[in-house]
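A quick write-up on the structure given underneath.
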Amino acid sequence: MEGEWKQKRLYPLLGTLSILLFLYFNFSDYFNFPVLWLPAIGFVGTNSTKFVIVEPDGSHQSTLYINGWNSYWLMEESVWAPSRSRVSNMLRRGAEMGMSVCRTWAFNDGDGPNSLQISPGVFNERVFQGLDYVIVEARRHQVRLILSLVNNLNAYGGKAQYVRWAQEAGINVSSSTDSFFSHPTIKDYYKAYIKAVVTRKNSLSGVKYSEEPAIFAWELMNEPRCASSSSAPILQAWITEMAAYIKSLDQKHLVTVGLEGFYGLKTTERSGVNPGDWASKLGSDFIQNSAIDDIDFASVHAYPDSWLPDADLEEKANFLSHWVDSHISDGEYVLKKPVLFTEVGSIMHRKKQGLYDTDTFLKTVYDKIYESAKKRQAGAGALIWQLLVEGMEEYSDQFSIVAWDYPSTHELIIEQSCRLRSVFAEGQVERKLQHGDLCFGKVFNNSNE
């Protein structure tokens, strides 16, 4: 009788548990269920010119060279439940290609329906929960995120929105967007935003962002530029102040600027590396901005099609080769910090013998990162701009691709993931990716000769 009584009590419990598990695994995108389990991963740090992963138990460090990608739209697509599957799909597919880092926007400033910051210090909790979801899904797939905190451009609000907010508040502020970098009130707006993001507690995992190992780094701004070259000292001071402020809130994560990599007017010995004279007049300077103590690694972008619109393929490829070499050298010998090419983009408009222009440019960058990895040098990785999944046309630009729709590019990405792993493995690479043994049988010559 006692056994029958226990069974009668056990069956309803098992039934309830089964229903809860069914709902969790099938409808978790639609409801903010607490996360039951996430894999343990280590934080990323730096050791001289290299990235290192500190294992969760602190037992050892492993060197990391990065193959990654950009999908700026992850937070926006995570605001509403029906589109969250696209985010999960993108992170899963990126991981399947062996990519370990994704760069995405952690900002959307203004009064739009999906804006994160509606006005200074006022946030849309639903959008914040979307960002929570992105971080949890990234960790689930063991992908780390570079989270960019504001845009230089007007898209998604940008620094111009901060200036408008100050003007609407009746503050005497110049209409120049350079006021973003200099006006005390606007800087306070931005600091308040940083604090709200960095100290947030994830509604799904319960982990503070400042304690979340799935965050690779904080990026101060996407592509900072000044309206006037005379504002260069102001930008330098702003980077110094904001990087130090983040570090005062969060000592576990890396900080980078978000630079395009242009050399400024004072770095005359590098002026020939720039894509044109215009690039030195934007107020940014790769060496000066990246040398700031609280900046942990240097960021560089590469857009040969946009920057050299009238050049032919060979001229663009030669520029790109020199561009990458110069920045890796500066990271190794001048900055003594890792250099990450956080946006590498090109237009996929020509096809020759099954290869696209994108393949030519991407292979140029990938080869140089691979050589840097073999020598343990400062060229620490590259992130393609940008990847989409099917049905994401609204986020597409001339540089966007669904990678698996272009077999040669898809294979190039996978090969880069595998050979970077092979540098730090003995013999044949046999480590399985999340869905499929993509690297099995791929053997690379990892000698430094």
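The values are calculated or read from the model by the stated rules, or taken from the named source; none is laboratory data. Every value quoted in this text rests on a predicted model; they were computed, and no experiment measured them. Positions of Cβ are generated from backbone atoms using ideal geometry, with glycine treated the same way; all protein chains shown enter the neighbour counts. Accessible surface areas use protein heavy atoms only, side chains included; no ligands, DNA or RNA. Shrake-Rupley method; radii C 1.70, N 1.55, O 1.52, S 1.80 Å.
Take the conditions (1) assigned to a strand (DSSP E or B); (2) within 30 Å of Gln161 (Cβ to Cβ); (3) polar (S, T, N, Q); Thr63 misses just one of them, which is (2). Restricting attention to the range 94-129, the residues being closer than 21 Å to Ala155 by Cβ, in a helix (DSSP H, G or I) and open to solvent by 30 Å² or more (accessible area, probe 1.4 Å) number 1. Can you confirm whether Trp323 is aromatic (Phe, Trp, Tyr) and open to solvent by 50 Å² or more (accessible area, probe 1.4 Å)? Here the answer is no, as Trp323 does not meet what is asked.
Listed here are the residues, each with its yes/no results for (1) part of a helix (DSSP H, G or I); (2) open to solvent by less than 50 Å² (accessible area, probe 1.4 Å); (3) touching a His at 6+ places or on another chain (Cβ under 9 Å); (4) modelled with pLDDT under 95.
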| site | (1), (2), (3), (4) |
| --- | --- |
| Lys159 | yes, yes, no, no |
| Phe216 | no, yes, yes, no |
| Pro233 | yes, no, no, no |
| Thr240 | yes, no, no, no |
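Residue count for the range 370-401 satisfying the condition of being on the phi < 0 side of the Ramachandran plot, buried (at least 16 other Cβ atoms within 10 Å of the Cβ) and not in a helix (DSSP H, G or I): 16. Against the test of being buried (at least 24 other Cβ atoms within 10 Å of the Cβ) and among the aliphatic types (A, V, I, L, M), the options Leu340, Leu313, Leu308 yield a single qualifying residue, Leu340. Of Arg93, Arg144, Arg126, all but one fail to be farther than 24 Å from Met242 by Cα and in contact (Cβ under 8 Å) with a residue 60 or more places away in the chain; the exception is Arg93. Checked against the criteria, Lys247 does not count as open to solvent by 10 Å² or more (accessible area, probe 1.4 Å), modelled with pLDDT under 95, closer than 28 Å to Val163 by Cβ and not aliphatic (A, V, I, L, M).
In the range 290-328, the qualifying residues are those that are touching a residue at least 40 places away in the same chain (Cβ under 8 Å) and small (Gly, Ala, Ser), and the one that is nearest to Asp359 (Cα to Cα) is Ala317. Against the list (1) open to solvent by 50 Å² or more (accessible area, probe 1.4 Å); (2) touching a residue at least 24 places away in the same chain (Cβ under 8 Å); (3) more than 25 Å from the chain's Cα centre (by Cα), the condition Leu153 fails is (3). Residues that are under 20 Å from the mean Cα position of the chain (by Cα) and free of Cβ contacts under 8 Å to residues at least 40 places away in the same chain within the range 208-242 comprise just one, Lys208. In the range 375-392, the residues that are free of Cβ contacts under 8 Å to residues at least 40 places away in the same chain form Cβ pairs under 9 Å with partners that are hydrophobic (A, V, I, L, M, F, W, C) and open to solvent by 10 Å² or more (accessible area, probe 1.4 Å), at six or more places apart or across chains, as follows: Glu390/Val402.
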